[in-house]
1. What's the extension gain from Ile83 to Asp236 if we count 0.36 nm per residue and subtract their Cα-Cα distance?
2. In straight Cα distance, which lysines are under 18 Å from Lys191, not counting same-chain residues fewer than 8 positions off?
3. Could you compute the net charge surrounding Thr148? Neighbours are other residues with a C-beta less than 14 Å from the C-beta of Thr148; K and R count +1, D and E count -1.
4. What FRET efficiency do you get for Glu96 and Glu119 if R0 is 51 Å and r is their Cβ-Cβ distance, rounded to the nearest 0.05?
5. Using 1/(1 + (r/R0)^6) with R0 = 30 angstrom and r between the beta carbons of Ser4 and Asp164, what's the FRET efficiency to the nearest 0.05?
6. Evaluate the Debye formula for the range 1-81 with equal point scatterers sitting on the alpha carbons, no solvent, and hand back log10 of I(q)/I(0) at q = 0.11, 0.16, 0.24 Å⁻¹, in q order, two decimals.
7. Probe of 1.4 angstrom, ligands and nucleic acids ignored: what's the accessible area per residue over the chain, in square angstrom?
8. What are the extents of the Cα atoms of the range 96-225 along their three principal axes, listed from largest to smallest and rounded to whole Å?
Amino acid sequence: MKYSIIPYGTLNGIDYDLIQINNKDVTISFTNLGARINQWLLGSDNLILGFDNSQDAQLGEGYYYGASIGRIAGRISAGSFSIDGTDYQLPLNESENHLHGGPNGFDLKRWDYEINDKEESIQIIFSLLDQDGENGFPGNLKAQVIHTYSVDNSWSVTFKATSDKDTLFNPTNHVYFNLNGSHAQTILNHKLKIDADTYVPVKVDGTPVGELSSVEGTAFDVREGKLIGDLFNMVDDQVKLKNGFDHPFVINHGASKTPIVLSVPELQRHIEVSTDRDAVVVYTHNVVEPPMKIWGEELQPYAAITLETQTIPDAINHAGFGNDILRKDTPFESTTTYRLVY
Ligand code: G6D
């Protein structure tokens, strides 16, 4: 495989790079703006949403396209949490809640990077020092996001971190897929399969109601694989509330023993996702507000679907949701792999 580094434009006086990897008829690119995945091309088909330059990427900041999300993914209710009796207050960057690490989260930071070009894979190691108190989080956090692309068309994203104080850490990648190759066709023709007996109902503001619910008999039962369009035609209060999926699915056995599969049967194309995380948030781009252009075309609702592997959001405020505390001087490491099969 070959790679090249090309300019990705200047944003707020900082020059950004695009690292483009070619593997036969597949091209994939990453940028040090938010340690993002930016493009995944099969021939001329765009399989994910991204941008031609950093200025356009900033216009899409509210949707976090392809971005590394941190220190936390999802929402922290009222932006407040406690660790061992010490209370913390995070900035409220979405109405009354904290979303995706705050107004200066990982997604628009400039990450340092180095490239390891190996025979069977190319690895981009992004690193960042997130200062104590940044976005209200305690602890100086040393974070790494390692994007690895392999000759078998697997993309792995590994998060590593340590902090010098107890803090919260629940990172994810916010990639949006549309396997049709153009978002002019919605993802309602995509089939989704997740080995999850339970999911997390949410309130209208996107925060968890507070319990895990069985998927049985609901639009969230995708254990055997179902078409998104068929699921959205079901009568389901949670799909109606969010006008689609914007929910955590709780992966059976706490990590995917059977891969998550997103496919377009008629194109004989799919993504297999394996992860060591215990949940995956699926968001189907239910609204486009403000209007957005991606790859030069206006976006419509259901233009793409995210598969954000993570600990259940807001776990710090809900018993039974898992652990999102990163203890002082304790290393965090997690890997999710998305393999393209076509
Ligand atoms: C919406 O509720 C959704 C989030 O889950 C998503 O990450 C964001 O849009 C981009 O706020």
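1. On the way: separation 153, 0.36 × 153 = 55.08 nm, distance 3.61 nm.
The Ile83-Asp236 span can extend by a further 51.5 nm.
2. Partners found: Lys226.
3. Value of the local net charge: -3.
4. Numbers: r = 51 Å, r/R0 = 1.00.
The value I calculate is 0.50.
5. On the way: r = 37 Å, r/R0 = 1.24.
So the FRET efficiency works out to roughly 0.20.
6. Treating every Cα as an identical point scatterer, log10 I(q)/I(0) equals -0.34, -0.65, -1.15.
7. 39 Å²
8. Ordered largest first, the range 96-225 gives principal extents of 45, 44, 29 Å.
The values are calculated or read from the model by the stated rules, or taken from the named source; none is laboratory data. What you see is a predicted model, and the numbers here were worked out from it, not measured in a lab. Note that we place each Cβ from the backbone using ideal geometry, even for glycine, and neighbour counts take in every protein chain shown. Side chains are part of the model used for accessible areas, which takes the heavy atoms of the whole protein and leaves out ligands, DNA and RNA. Shrake-Rupley method; radii C 1.70, N 1.55, O 1.52, S 1.80 Å.
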